[in-house]
Amino acid sequence: MAYRVYAMDFSFYNSMGIYSFEARCEMLKEIGYDAMHMSIWHGERWRDAAKLSSVKQKYGLDVAGVYVVLDLSLGENHPRNAGILTLLETIEGCSTVELAIQSVGNHIRPSDPAGDDIAVKWLEKALEICERRNINLLLYTHLSFWIERHEDAVRLCRRINHPNLGIVFCGYHWYAVDGTNLSATLEAVKPYLKQVNMSGSRRNPHGFGNVATIEPLDEGELDNFALLGQLKKIGFDGMIGFQGWSEGGDAYSKLSRSLRAFRDMERRLEAHPHWAELRLLP
């Protein structure tokens, strides 16, 4: 089975600016992607989502999701946070919102369960909207954010136990945080796993967060072929995307390279599934 693939719009950001919404969609369609993805960041940019309702008709692309960042250290009613609820109430043409929780309080460190009650209160309010509007809210792990590890996302999903709450497996952020226990992590995530994004990466103090780089899939030390093999092993059949943050440069060229590399990994895995059965380090 060939996976359906999308690209996060991070690839279209560089030191000179950002490509237009229209150019992003046209490039992705020409390269051969199945879907586009949009970063709305904080909730005050929710109006940008109005363009999503016409993507399928205009460009022949699906919308894999939108990415938003919640920061409850600012207060639940801050416009950045309240805007995310507005987004959930108004978004059309997209049924997936990926939520990175940056902070739940000024003195609560990443992965600290002391913040669970605060997060759950907000998530339950958001999920009331999601259930009514048939939207999947997917927790997005992120280096140095409160939800930093996939274990954090699993903990919240188990506690809330809501069908509209799920998880995005973020290959880069798993690798950058510690890059260990891949099999166990995916097994734990499996009941809630709705989407995946991948990146080429290598540990480098000049990389993102002074930890690791984010690169096209044909670059770096992170073994995405082995990761794909593990996703196949647990039966994941959702969409897979490419992250692309901070890659910069010629977006078309790099997105083309990543798609070619991914399809070649699929081909090899289909022909030789045992090649991905490497003994993973604990």
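The values are calculated or read from the model by the stated rules, or taken from the named source; none is laboratory data. Worth saying up front: this structure is predicted, and the values here are computed from it rather than measured. Methodologically, a virtual Cβ is constructed for each residue, glycine included, from the backbone with ideal geometry; neighbour enumeration extends over all protein chains shown. Only protein heavy atoms, including side chains, enter the accessible area calculation; ligands, DNA and RNA are left aside. Shrake-Rupley method; radii C 1.70, N 1.55, O 1.52, S 1.80 Å.
Descriptive notes on the structure:
- Of all the residues in the range 187-208, those that are open to solvent by 50 Å² or more (accessible area, probe 1.4 Å), closer than 18 Å to Gly248 by Cβ and touching a residue at least 12 places away in the same chain (Cβ under 8 Å) number 2.
- Positions within the range 182-237 being modelled with pLDDT under 95 and closer than 21 Å to Gly65 by Cβ, in sequence order: Phe208
- Count - residues of the range 258-282 that are crowded, with 17+ Cβ neighbours inside 10 Å and closer than 29 Å to Phe12 by Cβ: 7
- Search result, residues across the range 252-282 that are in a loop (DSSP other than H, G, I, E, B) and modelled with pLDDT of 95 or more: His272
- Taken over the range 15-49, residues that are in contact with a Ser or Thr (Cβ under 8 Å, 6 or more places away or on another chain) and open to solvent by 40 Å² or more (accessible area, probe 1.4 Å) amount to 1.
- Only helices (runs of 4 or more DSSP H) whose full extent lies in the range 16-104 are considered here, and the ones with at least 2 residues that are without any contact (Cβ under 8 Å) to a residue 40 or more places away in the chain and of a type in the set (Asp, Glu) are 21-31.
- Residues that are part of a helix (DSSP H, G or I) and touching a Phe, Trp or Tyr at 6+ places or on another chain (Cβ under 6 Å) within the range 137-188 comprise just one, Cys157.
- Every residue from the range 186-199 that is closer than 23 Å to Met8 by Cα and not charged (D, E, K, R): Leu186, Val189, Tyr192, Leu193, Gln195, Val196, Asn197, Met198, Ser199
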